[in-house]
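K.L.:
I am attaching a structure below and will ask some questions about it afterwards.
FYI, it's all coordinate maths here, none of it is from the lab. Keep in mind that this is a model prediction, so the values were computed, not measured. Using ideal geometry, Cβ is built from the backbone for each residue, glycine included, and neighbour counts are taken over all protein chains shown.
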Amino acid sequence: MFAILHALGMFVADQFKSRCRLQAENLFLRHQLNVALRGAPSRLRLRSRDRALLIWMTWLWPDLLGMAQVIQPETILRWHRAGFKVFWRWKSRNRAGRPQIDRGLRDLIRRMSKENRLWGASRIHGELLMLGFEVAQSTVSKYMVRPSKLPSQSWKTFLQNHAQAIAAIDLCVVPTLSFGRLFAFLVLGHGRRQLLWFEVTGYPTAEWLARQITEAFPWTSTPAYLLRDNDCAYGHVFTSRVRAMGIRDRPRRGRMAMLNV
């Protein structure tokens, strides 16, 4: 800790030195560093505060990454990504998440889906509401019993038969140096696996997403099917715009709309 405070003190003192003096000290220190690295081991042991100081300095001056000699620039970037994960894990530490439903209700959903093979999640959800159970349709779909043999064509077969008429969209999170988040909206055509449209924003509202889908697909090039996940950012405005363009919306569970197909 004392070494870091000493370095910061020297940084403040350097603000009052002439440019020629700073250049001479920089050259002198660089030569000493090269001499010290000749006999240094192949892997140096750095402390946590040393890593924090390097990450902080490269955040203020990104050009310093090209001057790293003790460690590789990729190592500093890996430390930053690890710090990003720790920061957001700490920020969301007190969130309890969605409460789990009772075991009896889960068994009832499995029994209804097992005894009524032709009933979908919407039908079972309606029956449960009439019985007085307040449960979401997505929860019903989660606990339904999946048949061992699909009654119709598989998802892979559907994609192979209609690849030319399918487009997929997704929101990808891009971490920033200040531990913030940017959202990249991507549109992919499954016919040739071609990126059709992309845009970046910090606040992906339903209105913004609806405008992007309009710009990505002019009226003469709209796909027949649109694959996406069940992100809450796709609100009523977005779904109404897709329906008005004549596109059949196909939300899927999880983040498989673009990446796992």
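K.L.:
Return the long-range amide H neighbours of residue 170 (sequence gap of 5 or more, or a different chain), with a cut-off of under 5 Å between placed amide H atoms.
P.N.:
Under 5 Å from the amide H of residue 170 lie the amide H atoms of 186, each far enough along the sequence or on another chain.
K.L.:
OK, next. What full-extension length gain, to one decimal in nm, is calculated for residue 203 and residue 240 as 0.36 nm per residue of separation minus the Cα-Cα distance?
P.N.:
Result: 11.3 nm gained on full extension.
K.L.:
Further, regarding this structure: For residue 221 and residue 172, compute 0.36 nm times the residue count separating them, minus their Cα-Cα distance, and round to one decimal in nm.
P.N.:
15.2 nm
K.L.:
Can you list, largest first and rounded to whole Å, the semi-axes you get for region 155-252 by taking the square root of 5 times each eigenvalue of its Cα gyration tensor?
P.N.:
Ellipsoid semi-axes (Å, largest first): 23, 16, 12.
K.L.:
Once you place label points 7 Å from the Cα toward the Cβ at residue 106 and residue 182, how far apart are they in nm?
P.N.:
4.1 nm
K.L.:
Let me ask another. Say R0 is 25 Å: what FRET efficiency, to the nearest 0.05, do residue 154 and residue 115 get from their beta-carbon distance?
P.N.:
Numbers: r = 24 Å, r/R0 = 0.96.
Computed FRET efficiency for residue 154 and residue 115 comes out at 0.55.
K.L.:
Taking the Cβ-Cβ separation of residue 194 and residue 78 as r and a Förster radius of 22 Å, what is the calculated FRET efficiency to the nearest 0.05?
P.N.:
Details: r = 31 Å, r/R0 = 1.43.
Efficiency, from the Cβ-Cβ distance: 0.10.
K.L.:
So which chymotrypsin sites (Phe, Trp or Tyr not before Pro) in region 164-204 are both in a DSSP loop and have at most 15 other Cβ atoms within 10 Å of their Cβ? Don't skip to the end; give the middle numbers.
P.N.:
Working: sites: 179, 183, 185, 197, 198; in loops: 179.
Here the chymotrypsin sites (Phe, Trp or Tyr not before Pro) that fit, given the DSSP loop and packing criteria, are 179.
K.L.:
With each label point set 7 Å from Cα along the Cα-Cβ vector, what nm distance links residue 19 and residue 88?
P.N.:
4.2 nm
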